[in-house]
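Each remark here refers to the structure printed beneath this line.
The values are calculated or read from the model by the stated rules, or taken from the named source; none is laboratory data. None of the values given here were measured: they were computed from a predicted structure. Please note: Cβ atoms are built from the backbone with ideal geometry, for glycine as well, and neighbour counts cover all protein chains shown.
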Amino acid sequence: MVPLWWYILLGVALFVIGAAGVLLRRNILVVLMSLELLLNSVNINFIAFGHYYNNFRGQIFAIFVIAITAAEVAVALGILVALVRNKSTLKVDDVTMMKG
């Protein structure tokens, strides 16, 4: 049996890596992958605590987060395709056309 704190430690490590990727990287695809990593770390903690307390709420919340993540990816990739067609760049600093 794996102790709960191992799952929490894994979730924290993934969250820190994802947050660093969002804050430090300039490529939009890398930023989106880092956001996915953030959400997956939250899912690990939801499932771990749900297993620890012997109920399915953590798994249900994780399924909702996965569904929201899938919708976010679909919208973000559509925006990225339009962005590459207009600007032909994926750098966050070069994208200013979506203001106001």
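Filter segment 67-84 for residues that are closer than 28 Å to Ala48 by Cα and surrounded by 13 or more Cβ atoms within 10 Å (Cβ to Cβ) and give the result.
Thr69, Glu72, Val73
Are there any helices (runs of 4 or more DSSP H) wholly within the chain with 1 or more residues that are at pLDDT 95 or above and among the hydroxyl-bearing types (Ser, Thr, Tyr), and if so which?
Working: elements: 4-24, 28-52, 57-87.
Output list reads 4-24, 28-52.
Please state which one of Leu24, Leu39 is surrounded by 14 or more Cβ atoms within 10 Å (Cβ to Cβ), aliphatic (A, V, I, L, M) and closer than 26 Å to Val95 by Cβ.
Leu39
What residue, of Tyr7, Tyr53, is loosely packed, with under 14 Cβ neighbours inside 10 Å, hydroxyl-bearing (Ser, Thr, Tyr) and either under 25 Å from Ile79 (Cα atoms) or out of contact with any Leu (no Cβ under 6 Å at 6 or more places or on another chain) (or both)? Walk me through it before giving the result.
On the way: Tyr7 fails: loosely packed, with under 14 Cβ neighbours inside 10 Å.
One residue alone meets the criteria, Tyr53.
Under 30 Å from Pro3 (Cβ atoms) and in contact with a helix residue (DSSP H, G or I) (Cβ under 9 Å, 6 or more places away or on another chain): which single residue out of Val31, Val65 fits that description?
Result of the check over Val31, Val65: Val65.
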